[in-house]
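Read through the structure below, which is laid out as structure tokens, and then see the notes.
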Amino acid sequence: MSDLHKRVLTALIGIPVFLLALVGPPHAVLPEGSTWTALVMLLSLLGAVEMLSAVERQQPEVRVNRLLAMLAVYLPFDAWLSVHEQAVFLMTARSTVVVALLMAFGWEVWQAERRGRLAVWQNVGYGALIALYLGMLFSAWVRLRVVDTGCARSALGQSDGLSLVLMTCAAVWACDTAAYFVGRRYGRRPMSRLLSPHKSWEGGVAGVLLGTGAALLVSVPLSLSPLSALVFGIAATAAGQAGDLFESALKRELQVKDFGGLLPGHGGVMDRFDSLLFALPVVYLLSHFLPICP
């Protein structure tokens, strides 16, 4: 089976699961965004494991601080709690995180003494990068899902955030597809010889155009402002390609092709969701400034 066939098969299985978690059950069954938050936390966990495993495989002297890295899994949950105003539980959770951080730093002291060598900057630094890179950006996924200005409920029965996530996914996936095929056929000018020599400006421009077109196309059935969808589409596709290049930089420095092999044809979780990881937070930020209603 060719790599392309594997990519298509994985997408045919994965996209329905992704969308089911995004939409979730009726509000009477679970609070809005619950299944989405669970999926995001799972993606963050898998991504964190992939990244720390790649670091330690390529740099045997490093022992990434696990407690610190796992903050990436907690931060999306913290975002969900904060938007649902679970104040008492939120304070308890955050207090637990402070205790965990103190334990993580204490662990480095004990490890340094036990192993007879210092690697605190490396161990903590890699752990902090994983926690911030995944935790903060995935948290924006959760916050975007529950954005609500009352526009889209007549169309989908749920918040505007659901429409914004769907629009962003359509834009980014169309962008990735166009960039891949146009880049392979017509790509002449590398976007970055150092980070990803196979990505071309021709493919990148085609991705922005087709991705923005997809955002405009789905904006009508999703009850979103077409003018705002135009801006969202351009921003999401540009941010998605920047996210792709950033992850390429991380992999290039570690000298690995993929962070994992969980998704056949795509690599690992981080290899598949690197574009959305940047795109959804950008759309979340813009949603504070652009009108959502048509």
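The values are calculated or read from the model by the stated rules, or taken from the named source; none is laboratory data. Because the structure is predicted, anything quoted here is derived from the model rather than measured. In this analysis, Cβ positions are derived from the backbone assuming ideal geometry, glycine residues included, and neighbour counts consider all displayed protein chains.
Which ones in the range 71-85 are charged (D, E, K, R) and within 21 Å of ALA128 (Cα to Cα)? If the condition is that a residue be charged (D, E, K, R) and within 21 Å of ALA128 (Cα to Cα), then ASP78 is the only one that fits.
For the range 145-153, does any single residue satisfy the condition of being surrounded by 15 or more Cβ atoms within 10 Å (Cβ to Cβ) and in a helix (DSSP H, G or I)? Write out each step before concluding.
First pass over the range 145-153, keeping only residues surrounded by 15 or more Cβ atoms within 10 Å (Cβ to Cβ): 145-148, 151-153.
Narrowing further to those that are in a helix (DSSP H, G or I): 145, 153.
Checked the range 145-153: at least one residue is surrounded by 15 or more Cβ atoms within 10 Å (Cβ to Cβ) and in a helix (DSSP H, G or I).
Flag not set for GLY14, criterion: on the phi > 0 side of the Ramachandran plot and not aliphatic (A, V, I, L, M). Is it true that VAL269 is more than 19 Å from ALA140 (Cβ to Cβ), in contact with a helix residue (DSSP H, G or I) (Cβ under 6 Å, 6 or more places away or on another chain) and either buried (at least 18 other Cβ atoms within 10 Å of the Cβ) or among the basic types (Lys, Arg) (or both)? No. The set of residues in the range 232-261 that are in a helix (DSSP H, G or I) and farther than 26 Å from ARG189 by Cβ comprises PHE232, LEU254.
Rundown of residues vs (1) acidic (Asp, Glu); (2) assigned to a helix (DSSP H, G or I), yes/no style:
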site	(1), (2)
LEU162	no, yes
CYS169	no, yes
ALA174	no, yes
THR177	no, yes
ARG185	no, yes
HIS198	no, no
GLU202	yes, yes
ALA214	no, yes
VAL218	no, yes
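Where residues in the range 111-128 are closer than 21 Å to VAL97 by Cα and touching a helix residue (DSSP H, G or I) at 6+ places or on another chain (Cβ under 8 Å), which of them is modelled with the lowest pLDDT? Residue satisfying both the conditions and the ranking: GLN111. Among the helices (runs of 4 or more DSSP H) confined to the range 1-100, the ones with at least 1 residues that are in contact with a Leu (Cβ under 6 Å, 6 or more places away or on another chain), over 21 Å from TYR126 (Cβ atoms) and modelled with pLDDT under 85 are located at 3-23.
Within the set ALA214, ALA206, the sole residue that is of a type outside the set (Ser, Thr, Tyr), closer than 23 Å to VAL142 by Cα, at pLDDT 95 or above and more than 19 Å from the chain's Cα centre (by Cα) turns out to be ALA214.
For the range 108-131, a tally of residues being in contact with an Asp or Glu (Cβ under 8 Å, 6 or more places away or on another chain), part of a helix (DSSP H, G or I) and touching a residue at least 24 places away in the same chain (Cβ under 8 Å) returns 3.
Apart from one condition, SER159 fits all of (1) in the same structural domain as PHE273 (by TED's automatic domain parsing); (2) at pLDDT 90 or above; (3) of a type outside the set (Val, Ile, Thr); the exception is (2). Checking LEU71, LEU9, LEU30, LEU19 one by one, the residue that is over 22 Å from the mean Cα position of the chain (by Cα) and either of a type outside the set (Phe, Trp, Tyr) or surrounded by fewer than 20 Cβ atoms within 10 Å (Cβ to Cβ) (or both) is LEU30 and no other. Test SER192 against the criterion of being touching a Lys or Arg at 6+ places or on another chain (Cβ under 8 Å) and of a type in the set (Ser, Thr, Tyr), and give yes or no. Answer is yes for this residue. Residues of the range 220-230 that are in a helix (DSSP H, G or I) and buried (at least 17 other Cβ atoms within 10 Å of the Cβ): SER228, ALA229. Count of the range 107-119 residues, restricted to those that are surrounded by 14 or more Cβ atoms within 10 Å (Cβ to Cβ) and not aromatic (Phe, Trp, Tyr), is 4.
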